[in-house]
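See below for the structure under consideration.
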Amino acid sequence: MSQKRIVPYLIGGLAGASLGLAVLIAALVGGGLPFVHHDAQKPTPQQTTPTSLGVTAPQQFQGEQSASLDSVRSIDEGRRDAIVEATRRASPAVVSITVIYHQFVRVAADPLESFFSQGYGRTTVKKQPYEILGSGVIIDKRGYIITNNHVLGESKDSHIFITLSDGRQFQAELVGRSTHYDVALLRFSETVPNMPVATLGDSDDLVPGEWAIAIGSPYRYLLDDPALTVTVGVISALHRDLKQAQDEGPAYLDMIQTDAAINQGNSGGALVNAKGEVIGINTFIISGSDGGNFGAGFALPIKRVKWVMDEIVQYGGLRPRVTGFRGVVLDKRWRYLLKLDDDMTGIYVGRVYPDSPASEAGLQVGDIIRAIDGQLILRKQDFTRLIYEAQVGTKLHLNVQRGDEMRNTVLTISSRIPAPSTNGE
């Protein structure tokens, strides 16, 4: 092909390439190709917002940062739920108790001599100090502290120290105790500035499944720290009766059961509801042979603890509670011996003491108490629990069967011990 024919093609190619390049540049600068239709709105320039550092940041990033901060605030507020708030209210009044007492023990006079004589060397008696650790609750502005009786041990020659949750330590004295109810009442031996006092709840108003918080000072012999520990669970059951051994009668009646962990050293501490009110005094757990916690802890209802404390404060101890009669709960054996119908239930009255609540209520030998306060007496435990919770002055409403006649009467528990009967009544 000649040079004359090549030149036009070359010029045409360069012109076409220049036109194509111009179109491409226009498309890039204009945001799209001139012949393509966009359904979406044309993007607008992104606005900027000053940041705290004086540097502008995209508004979208600023919105995400604000949402993140709101989320953190929400989590922080959620941390302070009812359980945390209840713990904050109740914890200051829960204390650690240290009891130091001494016992006389026989020890080797000369350890070296004892070793070579295989333990048959000379001995001597030595006064040995011991320490018991537990928990307690300040429940009265007069400086009264409630704990379990077993926390104090059996020794009367002891020194009691109370450590508050803020670390302050004071001495306390024993005011009174009840082995039967496992309650002991202490009082500060000195004035305690800014003394916290627990708010008491209503243990009669509990329902299974509601929150329960156990607060105390467990395992201090390991931790060497009086700081309080909080465990959380629910009220597992109410009105539990516990036996010491399989063949023995109940040792604890009408207890609160919880799965909130009650560990060694928690005894005497507070069981608290979701409002921060003390509803019970932590007492013991059911554990395995290795001491493990089976999730079954038990607490004394605060209502009972309160009236035991009132008795100790006012009378120096629990007054006797007298009904003035003796009887047996009817079972198959007693129905046979007394020649009664097989379906007869209740308490057969076998003796009525003169000048007693029973005689004043008009009870007679041979009466059968079918129900007390509307509760049928079918087992010995039914009667035992009613008397266990009764106080001096409590009025028991009795439904009594005398022959074929049913009658109602009221027996008022007294502290007056009647004189021995001389006529068999």
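No lab work stands behind these numbers, since they all come straight from the coordinates. In this text the structure is predicted, and so the values were computed from the model without any measurement. Cβ sites come from the backbone with ideal geometry, for glycine too, and all protein chains shown count toward neighbours.
Say the cut-off is 24 Å between C-alpha atoms; which of K306/K395; K332/K395; K243/K275; K141/K303; K243/K380 go over it? Please report the intermediate quantities before stating the final value.
On the way: K306/K395 19 Å; K332/K395 30 Å; K243/K275 32 Å; K141/K303 18 Å; K243/K380 14 Å.
Among K306/K395; K332/K395; K243/K275; K141/K303; K243/K380, the Cα-Cα distance tops 24 Å for K332/K395; K243/K275.
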Seminar exercise, completed: Cβ-Cβ cut-off under 10 Å around D342, Lys and Arg +1, Asp and Glu -1: the net charge is 0
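Order of R177, R416 from fewest to most other C-beta atoms within 10 Å?
Working: R177 21, R416 13.
Least crowded to most crowded, the residues run R416, R177.
Scale the Cα Rg of the range 325-412 by the rule-of-thumb value 2.2 N^0.38 Å and send over the ratio, two decimals.
Numbers: Rg = 12.3 Å, N = 88, 2.2 N^0.38 = 12.1 Å.
Compared with the compact-globule rule of thumb, the range 325-412 sits at 1.02.
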Exercise. Reachable lysines from K156, Cα under 23 Å, same-chain residues fewer than 8 places away excluded?
Worked result: K126, K127
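Got a sec? How would T231, T147 order by Cβ neighbour count within 10 Å, fewest to most?
Fewest-to-most Cβ neighbours within 10 Å comes out as T231, T147.
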For this session: Could you work out how far apart the two model spin labels at D81 and V175 are, taking each label as a point 7 Å from the Cα in the direction of the beta carbon, and quote it in nm?
Result: 3.7
Exercise. So what are the ³J(HN,Hα) numbers for the range 369-385, from phi and the Karplus equation (6.51, -1.76, 1.60; θ = phi - 60°), rounded to whole Hz, Gly and Pro as x?
Worked result: 7, 7, 8, 10, 6, x, 9, 5, 9, 9, 9, 4, 4, 4, 6, 4, 5
Exercise. What residues from the range 365-392 fall in the zone where the backbone N is under 16 Å from a label point 7 Å along the Cα-to-C-beta line of V410?
Worked result: 372-374, 391-392
